[in-house]
Amino acid sequence: MKETAADFIARSTIKAADKEHRRKINFNIGKYNAVVPQGKLQFTDVHLARERAKNIKWKAIETLDKQLETFESAITRRGAKVIWAEDAQQALDAIQKICEEKNCKTLVKSKSMVTEEIHLNDFLEKNGIESVETDLGEYIQQLDGEPPYHIVTPAMHKSKEDVAKLFAEKLGTDPKATPEQLTLTARRILRDKYVQAEVGLTGANFIIADIGAIAVTENEGNARLSCSMPKTHIVIAGIEKVIPSMTDLALFWPLLSTFGTGQKITVYNTIITGPRQANEADGPEDMYVILLDNGRTNILANEKQRESLYCIRCGACLNACPVYKNIGGHTYAATYSGPIGSVITPHLNNMDEWKHLSYASSLCGNCTEVCAVKINLHELLLENRHEAVEEGFSSFTEKMAWKMWKQGMLHRKWMNMAGGNIKNRVVNGLIKGWKEYRGDMEFPKKSFNELWKEKYGNR
């Protein structure tokens with residue numbers, strides 16, 4: 001067993017038994033479940049809306065090269081610079097170069113899973129640049145030295161008491177401070193950072209091809225400040241974030257809001273088409289857009305798995321997943337957790353090391369049922385398992401077990417030669433790893449053929 005798989009099993013065992021951890025995340029997911037039905041009421045036919053969104057993403061991904069070139073051409077005309085990054089290191093090198101040119105000492109950044117994917121904060125810190133998370137949830141996680149717990153809700157696993165204790169330890173606030181007081185403390189500190197920062201960095205919820213724009217949706221206003229107050233704005237986004245047209249936002253913004261947080265629409269919705277123009281009073285002087293591949297073309301080349309690129313990162317599948325609700329986000333030890341993370345991580349990283357995530361599922365299909373763009377997530381998890389076997393990443397024991405099973409099914413007489421006791425000893429001895437968390441398999445003393453003959457004779 002690979003070390004990552006063994007670590008996953010160990011962490012899962014601990015977290016599944018942690019009742020306080022489960023209480024916290026189920027409390028927060030319960031609040032989410034209570035408001036999502038209200039958000040869905042804005043759609044005349046929510047299933048049709050999801051189907052339309054899936055078709056739009058299908059078009060975008062099937063014509064990805066043309067969509068991205070259209071975007072680059074349009075946003076370049078307005079003064080932005082587009083950088084194509086094949087992998088994480090190229091993206092990091094590009095950001096470092098920009099920061100050096102701008103003599104950047106402090107960088108403010110809004111919530112971005114892509115920056116977590118390339119480990120940007122650690123990289124900047126090693127290069128003497130202060131990287132400050134400005135999303136409140138991300139700020140909490142940064143203070144605690146933890147990665148995000150959830151795609152949408154980074155500090156979901158923390159109670160208000162946990163946050164108050166953390167702020168008291170790190171910022172010297174009252175341990176009994178209210179959420180409102182804690183928020184005001186974060187606001188005061190972060191506003192000073194906005195003023196100091198030479199560079200602001202954001203992700204992108206959507207890349208709009210036809211007008212050459214970045215669309216960002218949020219509830220705190222921190223992304224808007226990050227892209228407008230510093231003199232330089234850097235955007236980093238995965239290439240799959242593209243949508244063909246500005247008009248598509250009328251569908252995707254409400255879908256993302258409803259399935260992400262239960263809102264009809266988030267509080268701040270920003271469309272950025274380039275740096276400050278000659279006739280504009282504010283905004284950054286320079287804008288850079290880094291389009292990151294980092295394994296996404298591996299998924300694009302896989303016709304069966306390509307569908308996973310439709311994901312809009314609403315996090316609904318995490319909230320619906322019985323496995324996630326028991327083991328939590330950090331257990332996965334990957335940037336993207338839950339069902340969508342289990343689907344894409346083996347392809348973004350490598351199948352041999354991360355195939356175990358595809359088995360972290362009950363295959364109940366609830367993730368597929370709630371997906372905002374109707375990705376068949378549970379089927380893709382099965383496909384991952386199939387691909388792992390096809391690529392030769394299954395263990396010797398597993399291969400032998402299935403080979404014996406195949407031969408037994410093809411030659412029933414061979415199976416009937418051994419009695420139930422012998423079968424029990426052979427099979428249970430062979431599949432020790434499989435039955436570590438399961439009971440022994442028990443074969444009947446008599447074969448099916450023998451039981452049939454006893455009851456019906458030779459007919």
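The values are calculated or read from the model by the stated rules, or taken from the named source; none is laboratory data. As the structure is a prediction and not an experimental result, all values here were calculated from the model. Note that we place each Cβ from the backbone using ideal geometry, even for glycine, and neighbour counts take in every protein chain shown.
A compact table of results
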{"read-out": "E450 vs. criteria outside the structural domain of R385 (by TED's automatic domain parsing), in a helix (DSSP H, G or I) and modelled with pLDDT of 80 or more", "value": "yes"}
{"read-out": "Positions within the stretch 255-276 being of a type in the set (S, T, N, Q) and within 28 Å of E72 (Cα to Cα), in sequence order", "value": "S257, T266, N269, T270, T273"}
{"read-out": "From V36, V46, residue being at pLDDT 95 or above and under 22 Å from the mean Cα position of the chain (by Cα)", "value": "V36"}
{"read-out": "Where a residue in the stretch 326-350 is within 15 Å of E379 (Cα to Cα) and its partner, wherever it lies, is outside any helix (DSSP H, G or I) and of a type in the set (S, T, N, Q), with Cβ under 7 Å and at least six apart", "value": "P339/S361; S342/S361"}
{"read-out": "Lone unmet requirement of (1) assigned to a helix (DSSP H, G or I); (2) touching a helix residue (DSSP H, G or I) at 6+ places or on another chain (Cβ under 8 Å) for A250", "value": "(2)"}
{"read-out": "The stretch 63-83, residues that are assigned to a helix (DSSP H, G or I), touching a helix residue (DSSP H, G or I) at 6+ places or on another chain (Cβ under 8 Å) and either free of Cβ contacts under 8 Å to residues at least 40 places away in the same chain or within 30 Å of K231 (Cα to Cα) (or both)", "value": "Q67, L68"}
{"read-out": "Selected residue (only one of L363, L318, L357, L377 is of a type in the set (A, V, I, L, M) and surrounded by fewer than 23 Cβ atoms within 10 Å (Cβ to Cβ))", "value": "L363"}
{"read-out": "Counted residues, the stretch 113-128 - those being of a type in the set (A, V, I, L, M, F, W, C) and crowded, with 20+ Cβ neighbours inside 10 Å", "value": "4"}
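Conditions tested, residue by residue: (1) farther than 21 Å from L300 by Cβ; (2) in a helix (DSSP H, G or I).
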{"position": "T345", "(1), (2)": "no, yes"}
{"position": "K355", "(1), (2)": "no, yes"}
{"position": "L363", "(1), (2)": "yes, no"}
{"position": "I375", "(1), (2)": "no, no"}
{"position": "L381", "(1), (2)": "no, yes"}
{"position": "E387", "(1), (2)": "no, yes"}
{"position": "F393", "(1), (2)": "yes, no"}
{"position": "K399", "(1), (2)": "yes, yes"}
{"position": "K403", "(1), (2)": "yes, yes"}
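This table checks each residue for (1) outside the structural domain of K355 (by TED's automatic domain parsing); (2) within 29 Å of N127 (Cβ to Cβ).
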site: T4; (1), (2): no, yes
site: D18; (1), (2): no, no
site: E51; (1), (2): yes, no
site: R77; (1), (2): yes, no
site: Q89; (1), (2): yes, yes
